[in-house]
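Peer 1: Pasting a structure here, questions to come.
The values are calculated or read from the model by the stated rules, or taken from the named source; none is laboratory data. Please read these numbers as outputs of a predicted model, since none were measured by experiment. Cβ atoms come from the backbone with ideal geometry, glycine included; neighbour counts cover every protein chain shown.
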Amino acid sequence: MSKDDDIRKNLDDTFRLWIGMASLWGCLLFVLLGGLDYLVTPENFPLFLRYRAVLSLLLLCGYFLTGRLNNRDLSALAYILVAGSAVAIELMILQFGGHESPYYVGMILLGIAVTGLVPARFSFHVVIAILIYVLYLVPIVLTESVANHRDFLIANTFIILIFSTMLLARYLSGHALRSELGLQYDLEQHREHLETVVQEQTAELVDTVEKLKQEIIERQKAEVERQFLQGQLLQSQKMESIGRLAGGVAHDFNNILTAILSYAELTLMKLAEDHPVRSHLVSIQAASEKAATLTHQLLAFSRRQVLEMKAVDLNKVIEGMANMLSRMIGEDILLELKTEATISTIRADQGQIEQVLMNFAVNARDAMPSGGRLLIGTKDVDLNDVLLRTQETVTFDKYVMLSVADTGAGMTAEVRERIFEPFFTTKELGRGTGLGLATVYGIVKQHSGNIFVDSDPGQGTTFKVYFPIAGERGQECDKDHDLSGPLPAGTEVILVVEDDPSVRELVRQVLAPLGYKVLATAGGDDALRTSDSYDGPVDLLLTDVVMPGMNGKQLAETLRIKRPGIKVLFMSGYAHDVLSTQGMLEPGVAMIHKPFRTVALARQVRQVLDSGA
């Protein structure tokens with residue numbers, strides 16, 4: 001609709017509204033002024049009352065017709081109503097006083113009411129003013145002699161001046177009204193344009209946000225698929241700080257435990273079986289081994305553990321974690337173990353399996369704020385398992401299933417679909433990072449496993465993890481833990497680099513009596529100076545990893561250039577990034593973890609020296 005059409009429409013709508021209101025007001029006014037007739041001219045009251053009744057009915061009919069007529073007919077109706085009103089007033093003027101009648105004021109009121117109250121085109125008001133004046137003047141001129149009648153001249157002068165003034169005011173107000181309507185039209189058009197622009201921009205922004213969200217989700221999924229190790233997942237600043245603190249504490253604590261454990265073992269080797277102090281040393285050794293286990297679990301929590309894939313008995317790992325898990329979930333949650341698998345040996349990193357159990361336990365604890373029951377179990381399965389048959393990547397013949405079930409709040413289908421996405425969490429702000437189950441998913445996939453979740457709101461949650469069987473049960477585990485027999489000896493030259501004096505002296509006291517020539521140094525620079533000043537061959541570099549200044553890997557790389565063929569054995573309280581790729585030891589890297597036993601150190605040194613690498 002054009003601007004002129006919109007202004008015309010608004011004027012027509014306003015005209016229709018005010019014609020109806022003016023008709024209703026005129027009807028009421030004519031009835032009320034009947035009382036004035038009774039006071040001024042009682043003899044004409046009955047006749048004037050009939051005039052007023054007929055005119056009131058006409059105006060009332062006009063009121064009801066205003067909403068049913070088109071614009072052209074509405075203008076005609078207005079002319080008829082005004083003419084009818086003027087005729088009724090003129091009849092009363094002729095009946096009561098003629099040109100001297102005070103009822104000419106009724107003509108003035110009629111003109112003011114129509115011209116002043118009804119907003120319309122200026123031409124309409126001009127016609128109305130002329131019509132009223134003509135209907136007033138012509139009958140009087142034709143029926144009476146008005147020459148030299150001063151009162152009649154004054155009345156006509158008032159009527160002309162008042163009508164002229166009203167027409168001028170209506171002209172100005174009409175012009176202002178059209179300007180206002182034009183401004184409203186412009187503002188409305190501008191508003192609609194702005195709304196259209198905003199809608200377009202909003203739609204474009206929503207589309208961009210949706211594309212960005214989809215891209216972020218796809219990148220997150222791709223990242224999860226590419227990196228299965230929890231250490232490669234993005235960590236929040238808080239969790240990263242805790243991890244670094246835990247790793248540092250474990251590193252220093254392992255140095256202390258190494259000295260305590262190994263010195264106790266050395267002392268036991270020198271004491272007779274019936275020595276009264278022997279039982280005390282055995283107790284010290286046992287307590288140190290428990291402390292070493294706690295340190296190992298702390299490293300698992302801190303995500304600072306390089307993967308060491310070996311045969312692990314899943315049943316034993318679960319049973320060994322029972323006490324720690326009980327403390328973690330609290331006294332109001334009952335922990336039950338049901339390790340039914342007859343063959344539970346898998347090839348895995350024990351620290352990572354412990355991490356999986358801890359993440360499951362934390363998730364179950366948060367799902368049961370008022371207490372409940374947590375069941376952890378194992379079970380033998382094969383390729384006929386219903387869940388395994390849904391996977392296309394199953395490449396092993398036998399599996400062991402780890403199940404973790406809680407009696408918590410459960411999950412909806414929408415939550416289940418996103419439960420393994422990084423940073424997705426249903427917990428309130430500050431209580432979760434959304435990395436726990438994403439980390440579990442990555443670890444399981446790295447161990448060639450599969451994971452499933454079964455949960456409904458109010459029915460609890462059950463996680464089922466399938467790990468491939470590693471072969472003969474416990475063979476590799478037993479081999480790693482078989483520390484009996486004599487200590488292997490040798491005559492090679494070993495360069496020992498350890499910044500902790502107690503551990504450095506311990507290594508010297510273990511290896512020197514076995515026939516090795518030990519060059520003990522306190523750091524990388526000291527080791528390089530010792531190597532440069534020693535004229536003979538150096539067969540093995542036994543070095544700590546994390547040291548002030550030059551780290552163990554940098555030292556090994558430098559010495560391999562200066563002394564080609566030198567063997568390297570690293571020792572560390574926790575795995576450092578300098579020795580790992582994607583969380584696993586680089587090929588050809590030998591490491592002994594602190595705290596270590598005397599027998600383990602002697603055998604590891606001998607094994608590296610005898611290797612072809």
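Peer 1: Could you please tell me which pairs satisfy a Cβ distance under 7 Å, a separation of 6+ or placement on different chains, a first residue in segment 148-166 that is under 14 Å from residue 97 (Cα atoms), and a second residue that is in a loop (DSSP other than H, G, I, E, B) and hydrophobic (A, V, I, L, M, F, W, C)?
Peer 2: 152/146
Peer 1: Could you check segment 62-97 and list, in sequence order, the residues that are part of a loop (DSSP other than H, G, I, E, B), under 22 Å from residue 8 (Cα atoms) and either outside the structural domain of residue 109 (by TED's automatic domain parsing) or in contact (Cβ under 8 Å) with a residue 24 or more places away in the chain (or both)? Break it down into steps so the answer makes sense when it comes.
Peer 2: At the first step, the residues of segment 62-97 found to be part of a loop (DSSP other than H, G, I, E, B) are 66-70, 96-97.
Narrowing the set further to residues that are under 22 Å from residue 8 (Cα atoms) leaves 66-70.
66, 67 - these are the residues of segment 62-97 that are part of a loop (DSSP other than H, G, I, E, B), under 22 Å from residue 8 (Cα atoms) and either outside the structural domain of residue 109 (by TED's automatic domain parsing) or in contact (Cβ under 8 Å) with a residue 24 or more places away in the chain (or both).
Peer 1: Out of segment 99-118, which residues are closer than 14 Å to residue 79 by Cα and surrounded by fewer than 19 Cβ atoms within 10 Å (Cβ to Cβ)?
Peer 2: 113
Peer 1: Another one. Look through 131, 183, 187, 194 and report the one residue that is assigned to a helix (DSSP H, G or I) and touching a helix residue (DSSP H, G or I) at 6+ places or on another chain (Cβ under 8 Å).
Peer 2: 131
Peer 1: Is it the case that residue 324 is of a type in the set (A, V, I, L, M, F, W, C) and either in contact with a strand residue (DSSP E or B) (Cβ under 6 Å, 6 or more places away or on another chain) or at pLDDT 90 or above (or both)?
Peer 2: no
Peer 1: While we're on this one: Does any residue of segment 34-49 turn out to be within 20 Å of residue 160 (Cα to Cα) and either charged (D, E, K, R) or buried (at least 16 other Cβ atoms within 10 Å of the Cβ) (or both)?
Peer 2: no
Peer 1: If you check every pair at least six apart or on different chains, which have Cβ atoms under 7 Å apart with a residue in segment 400-417 that is more than 30 Å from residue 312 (Cα to Cα) first and a residue that is among the charged types (D, E, K, R) second?
Peer 2: These pairs meet every condition: 410/456.
Peer 1: For segment 555-574, does any single residue satisfy the condition of being part of a loop (DSSP other than H, G, I, E, B) and at pLDDT below 85?
Peer 2: Yes, that holds for at least one residue.
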